[in-house]
Structure formats: C-alpha cells, structure tokens
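Participant: My structure is below; once you've seen it, I'll send some questions.
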Amino acid sequence: MSTKNYVTNDVVRARAKEYYYKHKDDPEKIEQRRANSKAYYEKHKNDEKYKERQRGYTRKFNEKNREYVALRSKEYYYRNESYRNKKLDRCAEKYETDENYRERVNARSRQHYWDLRSKQLEDKFIEAVDKIEEIVHS
C-alpha cells in the first residue's frame, strides 16, 4: 500500500501567507514575485481554460464581497471624476491662454457639429424619400 502525502488547500494557503508575510518587505522577493506573475500571465493569456477559470474566480469574489466591490467601484468613479475635473480645468486654462490650441479646438468642434448635422439631415432626407415612395406606390 502506497502512502501519499496529501496537502489540503488550507495548508497551501497558510504556507503561502506565511511566506508572503515573511518576505513582504524584501524588494528582491517582491520583484521576483512580480516577474513570476507576469511570466505566468504571458504564458496563459491566450488560453481559454485559464480565462474561463479567472472569470469564475472574479465572479465568485464579486458575489461574496458585494459591499466591498460596490465601495471600490464608487471610489474608482470619484477618483476618476476628480481626475476628469482637473483635466477639464487644465484644458480650460490652456484654451484661454494658447491661441493655437483654441483654433484647433474650435476647428474640431465645427467639424464635429457639421458631421452630426449632415448625418441628421441625411436621416431626414432618407425618411422623406421613403414617404414619397410610399405615396407614389400606393
């Protein structure tokens, strides 16, 4: 009878956690861990089984930690909102001071306006032609 040493997932997790906390401040170990993670990702990034497994893990985590995920999402939104506001302020300041930038923005805006307007008129024209065809053929 052969005896095998079975190691449960809990034991593996405990060892990994112990190793992590033992070496969490060591820059060489951190860099090595990052390199290993990146290599593992590069090796499996086109593997459908790996992607499906990762989706499953993400879905399970999101279901178990709904409050945390919602909070993280809110923080992400507000962080991006402050970034967007800063960017808008910088653009407004640049618009006021830089003549070339103002001309570029205005030209782009005019082009965008006329592109949308032509699309709108084209749609109205197509509707009008369809109505005329209905009237003619009826």
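Participant: When you check ARG104 against the structure, is it open to solvent by 100 Å² or more (accessible area, probe 1.4 Å) and either more than 30 Å from TYR41 (Cβ to Cβ) or not charged (D, E, K, R) (or both), yes or no?
Facilitator: Taking the combined requirement at face value, the residue satisfies it.
Participant: Report, ordered by the first and then the second residue, all pairs with beta carbons closer than 7 Å, sequence separation of six or more or different chains, a first member in the stretch 65-88 that is on the phi < 0 side of the Ramachandran plot, and a second member that is open to solvent by less than 90 Å² (accessible area, probe 1.4 Å) and in a helix (DSSP H, G or I).
Facilitator: Within 7 Å, the pairs are VAL69/ASN62.
Participant: Does the stretch 44-58 contain at least one residue that is open to solvent by 100 Å² or more (accessible area, probe 1.4 Å) and either among the β-branched types (Val, Ile, Thr) or not in a helix (DSSP H, G or I) (or both)?
Facilitator: Yes, the stretch 44-58 has at least one match.
Residues are listed down the side, and each one gets a yes or a no for (1) in a loop (DSSP other than H, G, I, E, B); (2) surrounded by 11 or more Cβ atoms within 10 Å (Cβ to Cβ); (3) touching a Phe, Trp or Tyr at 6+ places or on another chain (Cβ under 9 Å):
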| site | (1), (2), (3) |
| --- | --- |
| ASP25 | yes, no, no |
| GLU28 | no, no, no |
| GLU31 | no, no, no |
| GLU42 | no, no, no |
| GLU63 | no, no, no |
| LEU71 | no, yes, no |
| LEU88 | no, no, no |
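Participant: Moving on. Take the stretch 4-21 and flag every residue that is modelled with pLDDT of 75 or more, more than 32 Å from the chain's Cα centre (by Cα) and open to solvent by 100 Å² or more (accessible area, probe 1.4 Å).
Facilitator: Scanning the stretch 4-21 gives ASP10, ARG15, GLU18.
Participant: Being of a type in the set (D, E, K, R) and under 18 Å from LEU88 (Cα atoms) is the filter here, so list the residues in the stretch 99-117 that pass it.
Facilitator: GLU99, ARG102, GLU103, ARG104, ARG108 - these are the residues of the stretch 99-117 that are of a type in the set (D, E, K, R) and under 18 Å from LEU88 (Cα atoms).
The values are calculated or read from the model by the stated rules, or taken from the named source; none is laboratory data. This structure is a prediction, so every number in the text was calculated from the model and none was measured. Glycine also receives a Cβ, built like all others from the backbone with ideal geometry; neighbour counts cover every protein chain displayed. Heavy atoms of the whole protein, side chains included, go into the accessibility calculation; ligands, DNA and RNA do not. Shrake-Rupley method; radii C 1.70, N 1.55, O 1.52, S 1.80 Å.
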